[in-house]
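The values are calculated or read from the model by the stated rules, or taken from the named source; none is laboratory data. Computed from a predicted structure; not experimentally measured. Counting neighbours? That spans all protein chains shown, and the Cβs are built from the backbone with ideal geometry, glycine included. Ligands, DNA and RNA are excluded from the accessible area calculation, which covers all protein heavy atoms including side chains. Shrake-Rupley method; radii C 1.70, N 1.55, O 1.52, S 1.80 Å.
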Amino acid sequence: MIAVIQFGGSNCDRDAVRALSDLGFEAERVWHEDSLPENTTGIMLPGGFSYGDYLRGGAMAARSPVMNAVRDAIEDGIPVLGVCNGAQVGCESGLTPGVFTTNASARFQCERVYLRVENADTPWTSAYEEGEVIELPIAHGEGRFEIDDEGYEALENENRILFRYCDADGNVTDEANPNGSRGNVAGILGDNESIAVLMPHPERASLPTLGNTDGRGVLQGFGN
C-alpha cells in the first residue's frame with residue numbers, strides 16, 4: 001500500500017491517490033500525525049502548501065512527526081517520492097540535497113513544461129528512454145532548485161539528476177527554464193535511488209481523461 005502523506009495544507013493528495021489507483025496501486029491518504037500503516041510499501045509526499053508555506057515551502061512539514069517514520073521506512077528500503085511541495089519537504093528534511101526556493105520571476109507559475117530524461121536507469125524513469133522529452137505541468141512559487149558547487153558536481157558525477165527543463169526538442173536552455181533552477185534541474189535522486197523528488201506534477205499527467213499521460217512512468221516507479 002502506498003501511503004500518501006497528508007499535511008495541513010496539502011491539496012494534491014487526492015489527485016495522487018486517484019492517479020496511483022488508476023495505475024493499479026493500492027493507495028490511501030495518511031494524516032501526518034498518524035502512524036504509517038504496517039502494510040506500507042511506498043510513500044508519496046504530495047503537492048500543496050503545507051502549513052501555508054510559512055517560513056519556507058516544506059520547512060515546517062519536514063519537522064512533522066511522520067517524517068521520522070519516513071526515515072525509518074527508507075532504512076527498510078521503502079521507496080519515497082516527493083512532488084512539488086513534497087519535493088520541498090524532501091529537501092528540507094534532508095532526504096535529498098539542495099533546496100527549492102523562490103522562482104526567479106518572484107511569482108507563482110502554473111503552466112506546462114518540457115522535461116528531458118537525464119537518467120533512465122532508475123525506478124522512477126525506467127519507463128522512459130534517456131534523452132526522451134516529456135511534458136508535465138508545474139504549479140509553484142518556490143520551485144527554483146539551488147545547491148552549492150560541490151553538491152551540484154556530486155549530483156552530476158553520481159548521475160542523480162533525473163530531469164532537466166528543456167524545450168520541445170530537448171534543448172536545455174535558459175529560455176526553457178521556467179523558474180531559474182540551477183542547471184535546469186527539475187528532479188533528483190537522494191543518496192538511494194529509491195528516493196526521488198521533482199517539482200513538476202506527474203499525477204496531473206497520468207489519467208487518460210486529462211489528455212496527457214506522460215507522468216505515468218514516474219508513478220510506476222513504486223512498482224519497480
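List of remarks:
- Condition met for ASN159 (on the phi > 0 side of the Ramachandran plot and polar (S, T, N, Q)): yes
- Answer from GLU135, GLU150 - the residue that is modelled with pLDDT of 95 or more, under 20 Å from CYS91 (Cα atoms) and either crowded, with 16+ Cβ neighbours inside 10 Å or not polar (S, T, N, Q) (or both): GLU150
- Only one of the numbered conditions (1) outside any loop (DSSP other than H, G, I, E, B); (2) touching a Ser or Thr at 6+ places or on another chain (Cβ under 9 Å); (3) polar (S, T, N, Q) is violated by ASN68, and that is (2).
- Test result for GLU111, buried (at least 22 other Cβ atoms within 10 Å of the Cβ) and charged (D, E, K, R): no
- Residues in region 6-14 include at least one that is more than 29 Å from TYR165 (Cβ to Cβ) and of a type outside the set (Ser, Thr, Tyr).
- Where VAL99 falls short, out of the listed (1) over 15 Å from GLY215 (Cα atoms); (2) under 15 Å from the mean Cα position of the chain (by Cα); (3) hydrophobic (A, V, I, L, M, F, W, C); (4) open to solvent by less than 10 Å² (accessible area, probe 1.4 Å): (4)
- Selection within region 198-211: residues that are farther than 18 Å from CYS166 by Cα and in contact with a Leu (Cβ under 8 Å, 6 or more places away or on another chain). The member of this set that is most open to solvent (accessible area, probe 1.4 Å) is ARG204.
- Scanning region 1-22 for residues that are under 14 Å from PRO202 (Cβ atoms), open to solvent by 40 Å² or more (accessible area, probe 1.4 Å) and not acidic (Asp, Glu) yields one hit, ARG18.
- Identity of the residue in region 182-213, assigned to a loop (DSSP other than H, G, I, E, B) and among the polar types (S, T, N, Q), that ends up modelled with the lowest pLDDT: ASN192
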